[in-house]
1. Would you pick out the residues in segment 154-210 that are part of a loop (DSSP other than H, G, I, E, B) and aliphatic (A, V, I, L, M)?
2. Inside segment 112-130, can you point out the residues that are surrounded by fewer than 21 Cβ atoms within 10 Å (Cβ to Cβ), modelled with pLDDT of 85 or more and within 24 Å of LYS181 (Cα to Cα)?
3. Report the residue count in segment 131-157 for those that are at pLDDT 90 or above, surrounded by 13 or more Cβ atoms within 10 Å (Cβ to Cβ) and under 20 Å from ILE103 (Cβ atoms).
4. Can you tell me which residue among ALA179, ALA185 is within 23 Å of PRO51 (Cβ to Cβ) and surrounded by fewer than 16 Cβ atoms within 10 Å (Cβ to Cβ)?
5. Being closer than 16 Å to GLY56 by Cα, in contact (Cβ under 8 Å) with a residue 60 or more places away in the chain and of a type in the set (Gly, Ala, Ser) is the filter here, so list the residues in segment 67-83 that pass it.
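The values are calculated or read from the model by the stated rules, or taken from the named source; none is laboratory data. It should be emphasised that the depicted structure is a prediction, and the values quoted were computed from it without experimental measurement. Ideal geometry is used to build each Cβ from the backbone, glycine not excepted, and the neighbour counts take in all protein chains shown.
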Amino acid sequence: MRGSTNRRGALTPLEQGLIGCGSLALLIVICSGVAVYYAVQNAKKGMSSDPAVIRGWLQAEVKCDPPKGYECLRGANFSAMGSSLGTIVIAPPDAKLAEGVDIDPTKTTFMLMKGPMIDQSKPKDAPGRTVTKSEDCVFTVGEKKAKGTKREVTINGEKQVEYQVPLRKTLLFLAVGPADKFDKAAMDDFLKTMRLDVPFDLPTEIRETK
């Protein structure tokens, strides 16, 4: 992924997602130009790069803090057409996140993405991105087991790995990082500290049969 040159009035990927440009976090259909306008304005108001503010959003969603060595670097939390939408980006403090770019390809990045039926979504195909392998995995979330997905991808010639776990129908966990040094220990610790106690959490939970 590459950052774009800053310019006044340019749409960020978050805003582009609102008008159907492929943001994983915001898979929502907006039916009119007026709705697009107000959704974009709400998105701008709901953006933050204040770690304390974003930690509050993280606590509200999964009742935990970032894993050791990581920080909440960027986020958005707003409503559009009656739906709650948002993104929380968690990465090492020295991660280089360019304007409108939420991932440093040299670092492991965790994201929580909120939107209607987002548990059924996955990253869309994009120029320079190729999925080379995809497989089902089992993750420990809190004290429960749940199914998720691991993908091996190549992005602009760089090998990356992605892990995806639906936390509820409106909340998705995504982890992205370099294939040769992905911080799986931090991801496992992060997932284990999450607390999900709302009905219908963990839609892919593996339940023991009696």
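1. Within segment 154-210, the first condition is being part of a loop (DSSP other than H, G, I, E, B), and the residues that meet it are 156-157, 169-170, 179-183, 194-204, 206-210.
Correct list: ALA179, MET194, LEU196, VAL198, LEU202, ILE206.
2. Matches in segment 112-130: ARG129, THR130.
3. Here the count works out to 9.
4. Details: ALA179 fails: within 23 Å of PRO51 (Cβ to Cβ).
Exactly one of ALA179, ALA185 is within 23 Å of PRO51 (Cβ to Cβ) and surrounded by fewer than 16 Cβ atoms within 10 Å (Cβ to Cβ), namely ALA185.
5. So in segment 67-83, the residues closer than 16 Å to GLY56 by Cα come out as 67, 70-78.
Add one more test, that the residue is in contact (Cβ under 8 Å) with a residue 60 or more places away in the chain, and what stays is 67, 70, 76.
Correct list: ALA76 only.
Every residue, every condition in (1) closer than 20 Å to THR87 by Cβ; (2) out of contact with any strand residue (DSSP E or B) (no Cβ under 6 Å at 6 or more places or on another chain), yes or no:
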| site | (1), (2) |
| --- | --- |
| GLU143 | no, yes |
| TYR163 | yes, no |
| PHE182 | no, no |
| ALA185 | no, yes |
| PRO203 | yes, no |
| GLU208 | no, yes |
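Per-residue answers, yes or no, for (1) closer than 24 Å to GLN59 by Cα; (2) small (Gly, Ala, Ser):
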| site | (1), (2) |
| --- | --- |
| LYS114 | yes, no |
| LYS124 | no, no |
| THR132 | no, no |
| PHE139 | yes, no |
| GLY142 | yes, yes |
| GLY148 | yes, yes |
| VAL153 | no, no |
